[in-house]
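Note sheet for the following structure.
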Amino acid sequence: MSDPFALDDEPPPPVGANAPLASASWLDGLNPEQRLAVESTEGPLLVLSGAGTGKTRVLTTRLAHLLASGLARPWQCLVVTFTNRAAREMRERIASMMGPSAEALWLGTFHALGVRILRRHAPLVGLESNFTILDTDDQLRLVKQLLDAEGVDGKKWPAQGLLAMFQRWKDRGLAPQRLGEEGGGEFAEGRSGALYAAYQERLRVLNAADFGDLLLHTLEIFTAHPDVLEQYQERFKYILVDEYQDTNVAQYLWLRLLARRHKNICCVGDDDQSIYSWRGAEVGNILRFERDFPGARVIRLESNYRSTAHILGAASGLIACNLQRLGKTLRAGLTGVGGGDKVSVRGVWDGADEARVAVEEIEQLHRDGLRLSQIAILVRTGAQTREFEERLIVTGTPYRVLGGLRFYERQEIRDALAYARVVAQPADSLAFERIVNTPKRGLGDATMQALHALSRAERVPLLEAARRIVASEELKPKARQTLTALIGDFDRWGAMLGGMPHSELIQTVLDESGYTAMWQAEKTPDARGRLDNLKEFVRALEEYDSLQSFLEHVALVMENDGKAQSDGVTIMTLHGAKGLEFDAVFLPGWEEGLFPHQRALDESGAAGLEEERRLAYVGITRARRRVFISHAGSRRIYNQWQDALPSRFLAELPAEHVERQANPGLWGGQAGLAEAGGGEGWQTPGWERMRRAPPVVEATSWKVETPRKAGAFQVGGRVFHQKFGYGRIEDVQDDKLVVAFDKAGTKKVMGSFVTSA
C-alpha cells in the first residue's frame, strides 16, 4: 500500500519553531491548576474544566507548549473540537502564537477529521475518494425511495423515523452487520435492520456517505485494516479533545483506537455540563475515563473567571445532588468580584405575570446601565418564549431569538395561522395556498396550477375557485374528491365560528384537518417540540375576545419583529445557551413537569433527572453577575388553570446563596411565603428536609411536601381563588380542596391558593 500521508501536509517547520525555548512566555498568567494541565504532557490526562474556568485557554496553551517545546511537530498533533467555530477560534489562537506552522495541524471537528481520513482510504469501504456527502434532505429522499422500493407503508412508518434510527446506530458505531440485538424491534414489521443494510448499499452505489458514515467508515477501516490504523497511531503522538463529555459511542471508540500506541490523550470536559443525551452524547465516556486509560491523571479546574461567588455557590450546591459525577466545586477566580447579589428566586401567579415581572426587571437593569445584549432569558422549552416575546414587544424592548425562529415565524405556527386565517377570512388565498396540501392530500402542482388559472380568469379567491372547479371535470376524480372534502371542512369550521370558543374551534381544525396527527406521526427529534408549540398557540388564542382580534395582534407582532434591533435581549433554550455567557440571566418556568421536564423523567427516570439538573446548572453558570429564577403558581392549559408545584431544584439551592420572594397574594402573601419555605432561607422543616436530602425519584410519582395544609378549611366553606373566583368547598383532601366555583365549575385546587370568603 502506498503511503497515505502525502508530503505536502508536512511542510518543514520555520527555523526554531520546534526548538526548546528559554522562556515559556505562553505559560504566563495561568493559575496553578491550569499550568499543571498544560505541563502534564505525557500519558492520559482528563482535565475536568468547570464552567468559566478557562478550558479553551488551557487547551490552546497546551498545544502551543507541545509545539514550542519540541515535543511534537504540528502534524503529530490531533486536535478534536465539536464545532467549526471552536476549531476556527483555536486555529487562530495557535497561529497567533506559533505562526505558519499551525497550518499543518490536524485540527477540526470529528466529522471534518473523519472525512479527511476517509477520502484517503475510501476504496477500503467500497467508495471512491471523490464521494459525495449527503445532507439531510438528500438522505430523506433516499430513504423514501427505499421504502417505496421495498413496499413499506411510508405513512405508517415515516422515513424520518427510519433515518433517525439509522443515525442512532451510526452514533453507536454499529454497521448493519454488527446490529445483533440492536435491531429496530417492531419498526417496519421488524425489517429495519434489512432496510439499514439496503440503505448503506444504496449509498455505496451512489458513491455517497452521510455524516454518520464519516466516523463509522473510518472505524470499519481501522478494525479491518490494522496496518492503516497503525500508521495513524504512529503519526498522532499527542491527541487533544475538547468537550469530551459530549462524545457519542462512535467518537469514543475512534479516539480510543487512535490513542492506543502513545497513550498521550488529553480530554478536556465537564461531566456537569453533559446535556445532549438526546443526540447521542454519553456522559459515561467521561465518567469512566480513568478505567479506560489506566494510569490516567485527573486535574480539576475549579477557579471560575466568569461569575460571582453567590452564583457559583448556588450552582455548586445544586449539582452536588447528582450522584453520577466525578465531583468538583467552583470558586470565584477573579479578585475584586466578591459575593455579588444573591440568586433571586421569585414566585409568580402565572406565565403572563412571569413575563411581566421579568421584563420590568430587565427595564430596570437597562436603566441602571446594562446593555440589553448582556441580558438573556433561557427557557426549558421553545413554547415558553411566546409570552416573553409578546411582553417585550408591548414594552418596545428589542430582543432576538437565538438558535431558533421567533414564535410566530416557526413553520408549525405559520401553518396553524394559515388554517385560522382561512376560517376567519375565506378570501385569504395566500393562507389557503399554504395549507391546501398540508398535510399531504394528493393536491399537487397540477391541481394548484388549475386553481390559479381559474382564480385569475374569474377574479375570485382560490377557495371560491376551488368550489367552482370541483363542479367541473377539470380535475382528476381523486383530486376533485379530496378538494371537495376540504371545502366542506372549511365550510363546516366557518359555520362553527361564533358558536364555540375560538380556541376550541382552532384546536378542532388542527385535529380534524390531520395537521396535529401529521406531527404526531413525525419521528424526528423536534416533532414533540412542534406539538408543544401548537398547544401554546391554542393557549394564546384564549387570551383574545375573538379570532379576528387574535389575527390582528399576530400581524402587528410580526411587523414589530421585523424591526428588532441588534442590541436586544437574547431569548433561547437552555440547550442552546451552553458555551455562552451574559451579565444577567433569567430562568423562568422552574416547576415540576416543566423543569425538570416530565418527558425526561418518564423516558429516562433517575438518569433523566440528573441530566435535567445538569441543564439547570448550565443555565445558572451562564450568568456573570445576576440570576433571576421564577416559578408560576399555575399555568393555563386549554382554558383550564392547572396548579403548578415549584421545581425540586429550588429546594436544592443552598439558602445562603439565594434570596426568595413572591408576589403579594402568592402562597398567601409574605406570611404565606414564609410558611411555604420562602423568605429568609426557606427554613420550614418540610422544605429544609427536602433541601438536605432530595427524595428518591420515581419517574412519574414524585411529590413535594406542600408547605401549607388545607386543614384550616372545612367542607361547605366559601373561598375565593384569584383566577376562578368564588366557590364552595365540596371536599378537603390533605393539602388540596375540591371546590365548586360559581362560574368556573368544580376544580381541584391547592389550599394555599385560596382564601376564606
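Overview of results
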{"read-out": "Amide H within-cut-off set for F586, under 5 Å, with H built and near neighbours excluded", "value": "A376, I377, L378, F628"}
{"read-out": "Label-zone membership for segment 124-142, site Q231, 7 angstrom Cα→C-beta point, backbone N under 20 Å", "value": "124-131"}
{"read-out": "Charge dipole magnitude, Cβ of K and R +1, D and E -1 - segment 125-189, Cα centre, debye nearest 20", "value": "120"}
{"read-out": "Relative contact order of the chain, defined on C-alpha pairs under 8 angstrom at six or more residues apart (%)", "value": "13"}
{"read-out": "Positive-end residue of A584, M572, G619, charge dipole of segment 572-626 with Cβ unit charges", "value": "A584"}
{"read-out": "Whole-percent carbon and sulfur share, accessible surface of segment 487-609, 1.4 Å", "value": "51"}
{"read-out": "The chain, helix-only ellipticity at 222 nm - DSSP H runs n ≥ 4, -39,500 (n - 2.57), divided by all residues, nearest 500", "value": "-13000 deg cm²/dmol"}
{"read-out": "Accessible area per residue in Å² at 1.4 Å probe, computed on segment 324-409", "value": "40"}
{"read-out": "Accessible solvent surface per residue of segment 155-277, calculated while the other protein chains remain in place, 1.4 angstrom probe, Å²", "value": "37"}
{"read-out": "Among beta bridges that DSSP assigns inside the chain, antiparallel share in %, nearest 5", "value": "35"}
{"read-out": "Dipole magnitude of the chain about its Cα centre (Cβ charges: Lys, Arg +1; Asp, Glu -1), debye to nearest 20", "value": "660"}
{"read-out": "Accessible surface of segment 90-172, 1.4 Å probe, proportion on carbon and sulfur as whole %", "value": "48"}
{"read-out": "Overall Cα dimensions of segment 363-512 - principal axes, largest extent first, Å", "value": "70, 33, 28"}
{"read-out": "Distance in nm between pseudo-label sites at E730 and L206 (7 Å out along the Cβ direction from Cα)", "value": "5.9"}
{"read-out": "Within straight-line cross-link reach of K237, aspartates and glutamates at Cα separation under 12 Å, skipping those fewer than 8 residues along the same chain", "value": "E42"}
{"read-out": "Per-peptide average of other Cβ atoms within 10 Å, ordering 249-258, 42-51 highest first", "value": "42-51, 249-258"}
{"read-out": "Fraction of accessible area attributable to carbon and sulfur, segment 283-441 (%, probe 1.4 Å)", "value": "48"}
{"read-out": "Computed magnitude of the charge dipole of segment 293-361 (debye, nearest 20; Cβ of K, R +1, Cβ of D, E -1)", "value": "640"}
{"read-out": "Net length gained if the chain between W278 and A606 were fully extended (0.36 nm per residue, minus Cα distance)", "value": "116.6 nm"}
{"read-out": "Gyration tensor (alpha-carbon) shape descriptor, segment 165-280, a/c threshold 1.5", "value": "oblate"}
{"read-out": "Furthest towards positive pole of dipole, T524, A37, F131, structure part the chain, Cβ charges", "value": "A37"}
{"read-out": "Most positive-pole-ward Cα, H225, A555, L601, against dipole of the chain from beta carbon charges", "value": "H225"}
{"read-out": "Chain lengthening between D28 and E581 when straightened (0.36 nm per residue, less Cα-Cα)", "value": "196.6 nm"}
{"read-out": "Å² per residue, accessible surface of segment 425-563 at 1.4 Å", "value": "52"}
{"read-out": "Shape call, the chain: gyration tensor on alpha carbons, a/c limit 1.5", "value": "oblate"}
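The values are calculated or read from the model by the stated rules, or taken from the named source; none is laboratory data. This structure is a prediction, so every number in the text was calculated from the model and none was measured. Note: ideal-geometry Cβ built from the backbone for every residue, glycine included; neighbour counts use all protein chains shown. When the accessible area is computed, the model is the full protein with side chains, heavy atoms only, and any ligands, DNA or RNA have been set aside. Shrake-Rupley method; radii C 1.70, N 1.55, O 1.52, S 1.80 Å.
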